[in-house]
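Student: Attaching a single structure in structure tokens format; questions to follow.
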Amino acid sequence: MSQRDTGGFALLEIVVALGLLAVSMLVIVQALGAAFHYLRAASAARRAVAVAAAVAHTFDESAAYPAGWRVAGTPGADGLPGTGDDGPPAEPAIACRRRVVQVPRGDERWLWVEAACDAGRAGGAGILPGGRLASGALLLRGR
């Protein structure tokens, strides 16, 4: 054996090892990015469920619920979320919208509550395309 064959690692082995290390680091960074995205989406869905539940659980037939999508703000003077006298959101950076629809079906009246919140895009740019949506129906009056 010559002196040359007995010492350390070859340059080619080091380059291959560094290449494998770089590829594995890129895979880890992508996985962390995807995990962060899904964490934000889950947080937005959780907020949307809370907004929809707050309206559904405090619904009052005598209160005025404006039609269409509206900003989910703090409850106004009547203390009911989702009504026409709501104030600005408590956390302006979180963009949530809600819609309340009363649907008569025969002798029954149903309340349909939908809410959507953004997933925390920079600048509070609004609801993401396709939305993070929570919805539910509540029977107001039976037969």
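Each reported figure results from applying straightforward, stated rules to the coordinates on display, with no laboratory input. What you see is a predicted model, and the numbers here were worked out from it, not measured in a lab. Heads up, the Cβs are rebuilt from the backbone with ideal geometry, glycines too, and the neighbour counts pull from every protein chain shown.
Student: Spin-label point model (7 Å from Cα, Cβ direction): what's the ASP60 to ALA17 distance in nm?
Tutor: 7.3 nm
Student: Could you tell me whether segment 71-117 comes out rounded, prolate or oblate from its Cα gyration tensor? Rule is a ≥ b ≥ c as square roots of the eigenvalues, rounded for a/c under 1.5, then prolate if a/b exceeds b/c, otherwise oblate.
Tutor: Note, shape of segment 71-117 comes out oblate.
Student: Right, another one. Which of the peptides 23-34, 65-76, 39-50, 102-113 is most tightly packed, and how do the rest follow, judged by the mean count of other Cβ atoms within 10 Å per residue?
Tutor: Packing proxy ranking, top to bottom: 39-50, 65-76, 102-113, 23-34.
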